[in-house]
1. What distance in nm separates the simple spin-label points at B:SER287 and A:GLU172, each placed 7 Å from Cα in the Cβ direction?
2. Where in chain A are the DSSP H helices whose C-alpha atoms run 15 Å or more along the long axis and whose mean Kyte hydropathy is at least -1.0?
3. Once every DSSP H run of n ≥ 4 in the protein assembly as shown is given -39500 (n - 2.57) and the sum is divided by its residues, what mean residue ellipticity at 222 nm do you get, rounded to the nearest 500 deg cm²/dmol?
4. Would you mind putting A:60-72, A:87-99 in packing order, based on average other-beta-carbon counts within 10 Å, highest first?
5. If you project the alpha carbons of the protein assembly as shown onto their three principal axes, what span does each projection cover, largest first, in Å?
6. Before anything else, pin down the relative contact order of chain B: Cα pairs under 8 Å, at least 6 apart, normalised by residue count, whole percent.
7. Using 1/(1 + (r/R0)^6) with R0 = 41 angstrom and r between the beta carbons of B:ARG319 and A:ASP45, what's the FRET efficiency to the nearest 0.05?
8. Work through the residues other than A:ALA179 whose Cβ is under 10 Å from its Cβ and net out their charges, Lys, Arg +1 and Asp, Glu -1.
Amino acid sequence: MNRTTSRVAADRLAWSHLALLPLAVLWLLPIVLLLNGAVRTSTADIFSVSPSGLTLENLIAVWRETDLLRMFVNSTIVTVASVIAVVVLGSLAGFGLAYYRFRGSGIVLLVLLSGIMLAPAAIIVPLYELILDLGMLNTYPALVGPYTALGMAASVLLYRNAFLALPNELREAASLDGAGSFRIYLRMYLPLARTATVTIAILQGLAAWNDYILALLFMTDGKHETVQLAFIAFQGQYFSSLPKQFAVMAIVMLPVLIIFLVAQRAFVSGLSAGAVK
Amino acid sequence: MTSSVGLDTRAKERKPVVGTPTTGTTPARRRRRRPSPGWLYVAPALAVFAVFVAYPIVATIRSSFYDYDGISPIRDWVGLDNYREMLGGLDPYFWKAVTNTLLWTVVTVPAQLLIGLGLAVLLDGALRGKVVYRTVFFMPAVLSSAVIAFAWGWIFNPDEGVATRVIRATGGSGQAWLAEPGTAIWAAFGVSAWRYSGLFMLFYLAAMQMIPRDLYESARIDGASWWQRVRRITVPQVRPMTVLLTLFGVIGAFREFEVVYILTRGGPAHATDLLSIQIYDQAFDLSRPGYAAAIATALLVLTAICAVVLLRLISWANRSVE
């Protein structure tokens, strides 16, 4: 493809930049705005674009003065736990559906598919009552359970499709060796479905880490709050200091942003692979 | 740079096994009488799903026939009263929320499709800085609602927001974007388009990887312009992805809640009320979980109808492409 050598194509590319650049600036604006406000000293120059007077003071002060570290630990625990649960349970179920053909498997798929469409708000009332009745308010399982269940449908479907795409000779060869089905799942299928695992881990990790509403409802004791609740938690404390409010939100945003930028390729290929399936 | 995506999608293309029955079913057949060992693998996932999703769905519908305050243990069976109140015009905000939810769907889904497709078309090919652009446009999709609502809240801030300042600087008068019923929902639409268009772009780029390049080459030889190639080749070739993304978008629109809730709480004057926000308000602020459950049931029904219609559309589109 010698696209770039053609003059018409080169013109086209110039036009592309003309359209893409302003959009890219617009796309970055809210993120830059947030970071900029976090490194300013006074409320008055939150939106200042002057390169002087930048300081990391707010970020350090906010980190020292608040429980953000505890919130990060909480977020990490519920996110890691639900990612592991969704990968393990989802791959087991996907394996069961792909490896065996049994009555009711179609219904299982249909039920799970309905879970993908479900708006969490539609079940929030009984979910709250359930967590309350089980005495699970302000415990990690209160979030890990619903996160896992809400992410399960996508996980099972993606694993099932990944396993179905594996060649049949594989399982026949394994069966001839006398390997039991669980060993075939663990040693053969699961490692071969690594793309699906990456996709599912990214989807579930983002969903669990970024959730706001369930955490808001279920974590209220001042100890188990996740980072997404940081603004509510410290809004009062920093009522008079906008730069510190910005700093709190910048600290909430930065880890995800950094992980995304570092693992950008994994995100893109993982999610694209998920989409095309 | 996108080679891994391309290879992967091409491999899938070669073997469209999705939905085809498994071969080699001998173990299951031999043990027909006993439950299949498949159930053993499926059971743990189903158990979690049953407790935290399936049971709450059933409980939502059940609760919608009761009146209770969520604090005292008394639950009064009221039959269809909640539905009568909801549908019978006693609650004008319900219909406002239905309208807004549908408006949200018909505005944001096409916007995300168009922007996503446009970005993908511009980025498809050997463009300098392609990875940078792709990263920038996709970035909002990984950020949380809390972060997004905070940042956009300061863009739309009526006194000193960035958008307000820009308008003042160009000679216009200040605009209270989120504080005015007329503009608030459009501001929220904008945030939604900003957040998800990059995701749509990513999926479109993956779909474009699968278009055979010689289609473009021969069209070029025939003298087709760039725009003609986009319209006659790219757009029809990615149609299955458009249908899939439409489904995604509609599901996303019905799920929408957090950003709008944090930005406006459904206000001003219910101008940005969505069904999901009303469920939350009725259940947790107004202590009417039974009535909230009736609204939730309406949301379930609405989602189900849209899902069935769209799934029909998908299978129709897939058939017509083949």
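1. 6.8 nm
2. A:7-38, A:68-99, A:105-117, A:141-164, A:194-210, A:242-262, A:264-276
3. One gets -21500 deg cm²/dmol as the mean residue ellipticity at 222 nm.
4. Result, highest mean Cβ count within 10 Å first: A:87-99, A:60-72.
5. Largest to smallest, the principal-axis extents are 77, 75, 51 Å.
6. Once divided by the residue count of chain B, the mean separation gives 26 percent.
7. The formula returns an efficiency of 0.10 here.
8. +2
No value in this document is a laboratory result; all are computed from the given coordinates. In this text the structure is predicted, and so the values were computed from the model without any measurement. Glycine also receives a Cβ, built like all others from the backbone with ideal geometry; neighbour counts cover every protein chain displayed.
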